[in-house]
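Report on the structure given below.
All of the numbers you see were taken from the coordinates with simple rules; none came from a lab. Please read these numbers as outputs of a predicted model, since none were measured by experiment. Don't worry about glycine lacking a Cβ; one is built from the backbone with ideal geometry, like all the others, and counts go over all protein chains shown.
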Amino acid sequence: MIDPIAEFQTALEGLAAAHLIRARPVIEAVDGAHLRVDGHNVLAFCSNDYLGLSQHPALIEAARQGALKYGVGAGASPLVSGHSAATDALERELAAFVRLPRALYFGSGYVANVGLIPAFVGRGDAVFSDALNHACLIDGIRLSHADTTVYPHNDLAALTEALQRSTARRKLIVTDAVFSMDGDVAPLADMISLCERHDAWLLIDDAHGFGVLGPDGHGTAAHLGIDSPRLIYMATLGKAAGGAGAFVAGHAVLIEWLMQRVRSYIFATATPAMITEALRASLRVIEQEAWRRDHLHRLIARLRAGTADLPWDHPESGTAIQPLIIGGNAEALAVMNAIRQRGIWAPAIRPPTVPEGTARLRISLSAAHSEADVDRLVAALHEIA
């Protein structure tokens, strides 16, 4: 009889040989940009808490008051009895924040994307997907069974050609707004123009732009001046907003349709109201504390100036995501471990998350960092280089 575990053990050994084994560090405490990990204090450049809001007193107090009022569980799906007054208010405030007619809240960005794409397109429809889109967008597209064209990263000429060839009933362009591994921004204004010319829709995942880009942090679409009924705007709230969950916003009729059809919304237990109360507080802080974005952008410039003469590629990025491309998997792990020995944590990202040969340190900056924190990272990188 074949050992049912042996093939998995062999596969794991293959991952280890390719330097692709992943492990979960145990986080014991959080203090600003510092974490206690596996018993050691580290300066962390690995969090997507871009504005440092996850520990903001206003959010913590709002969550506490929400727990006192609603308890710590929602009890049922939103369409049964889980849609609290707090979540209802949050959806209205999110729609106003991104200046779109209506919003729908989800428990996470992954849950949102794998559900909303199949609810919007299906067999006989066409999806056009950037080659570097996040995994949740890719999985949502696969679940839709729509005809799919993957175009080269940010290649408008290839996208235009694919749209011109398509005879599909419904056409949907899907893209990250800020790409999670490179930190660059999609050409959204040109993409909306393509939608207008080719009767298509544009779904953007603004997980890494919401709260950081645009006037008062209103996101990448606002940053680029996009205002179109063909826009489907999705963003997560566990990054710059400092909480948890995600939302999709757009035309009121479209959002009503999604609420009726998205399986990952209909059949999932609702998020606790204590979380949505914290997010309501977060929206107010994002608008009122502009210094956080100003400080973050100064840190970005300081880091880029400090890494200019390193031997590794540091692609252009004006966002909080700053990739330092090392190349090989073993080499990226070696650099990560070397700075970890100096009390600094920046994660090594390897395939399949990024293409072969582009393993990297993914440096995430936050308003919780100080200039001295960035200087310490730069000094460590120079020592290792």
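Extension gain for E28-D199 works out to 56.5 nm (0.36 nm per residue, less the C-alpha to C-alpha distance). Residues H56, H19 in ascending order of nearby Cβ atoms (within 10 Å, fewest first): H19, H56. Taking the helices alone, the chain has a mean residue ellipticity at 222 nm of -12500 deg cm²/dmol, built from -39,500 (n - 2.57) per DSSP H run of at least 4 residues and averaged over all its residues. Write down Rg/Rh for the chain, rounded to two decimals, with Rg from the C-alpha atoms and Rh from the Kirkwood relation over Cα pairs. Radius of gyration over Kirkwood radius for the chain works out to 0.97. Both the radius of gyration and Dmax for the range 55-136 are 16.5, 50 Å, in that order, over alpha-carbon atoms. Note that the range 334-345 has calculated 3J(HN,Hα) couplings of 5, 5, 4, 5, 5, 6, 5, 5, 9, x, 10, 10 Hz, one per residue in order, obtained from phi through the Karplus relation 6.51 cos²θ - 1.76 cosθ + 1.60 (θ = phi - 60°); glycine and proline are x.
If you take all other residues with their beta carbon under 10 Å from the beta carbon of L324, and give Lys and Arg +1 and Asp and Glu -1, the sum is +1. Close amide H partners of Y50, meaning residues 5 or more places away or on another chain with modelled amide H under 5 Å apart, are A240.
Under the simplified labelling scheme, the T353-E316 pair shows an inter-label distance of 2.6 nm, with each label point 7 Å from Cα along Cα→Cβ.
Multiplying the residue separation of A89 and R36 by 0.36 nm and subtracting their alpha-carbon distance yields 15.5 nm.
FRET efficiency for the pair R142 and R342, taken as 1/(1 + (r/R0)^6) with r the Cβ-Cβ distance and R0 = 56 Å, rounds to 0.85.
Here the label points at Q9 and V253, each 7 Å from Cα along the C-beta direction, are separated by 6.1 nm in the simple model.
Sorted fewest first by neighbouring Cβ atoms within 10 angstrom, I232, I226, I21 come out as I21, I226, I232.
Geometric descriptor of the range 17-104, per residue, is 208 Å³ (volume of the convex hull of the Cα atoms). Taken one residue at a time, the phi angles of the range 368-384 give Karplus couplings (6.51, -1.76, 1.60, θ = phi - 60°) of 6, 6, 9, 4, 5, 4, 5, 4, 5, 4, 4, 4, 5, 5, 5, 4, 5 Hz. Gly and Pro are set to x.
Sequence-ordered 3J(HN,Hα) estimates for the range 105-113 from the Karplus curve with 6.51, -1.76 and 1.60 and θ = phi - 60° stand at 8, 10, x, 6, x, 4, 4, 5, 5 Hz, glycine and proline given as x. Estimated from the Cβ-Cβ distance and a Förster radius of 41 angstrom, the FRET efficiency linking A16 and D190 is about 0.40.
Counting other Cβ atoms within 10 Å as a rough exposure proxy, the listed residues R342, R24, R280 run R24, R342, R280 from fewest neighbours to most.
The Cβ shell under 11 Å around I349 holds other residues with a net charge of +3, Lys and Arg each +1, Asp and Glu each -1. Plugging the Kirkwood radius over Cα pairs into Stokes-Einstein for the range 89-199, at a temperature of 37 °C and a viscosity of 0.692 mPa s, what D comes out in µm²/s? Translational D for this selection: 221 µm²/s. Not counting the cut sites, what is the longest span of the chain without GluC sites (Glu not before Pro) that DSSP labels loop and that have at most 14 other Cβ atoms within 10 Å? Here the longest run is 1-315.
Any idea how far the Cα center of the range 47-115 sits from the one of the range 297-338, in Å? The range 47-115 and the range 297-338 have Cα centres spaced 33 Å from each other. On the basis of the beta-carbon distance and an R0 of 41 Å, A158 and D375 show a calculated FRET efficiency of 0.50. A simple count of charges around A67, restricted to other residues whose Cβ falls under 15 Å of its Cβ and scoring Lys, Arg +1 and Asp, Glu -1, yields +1.
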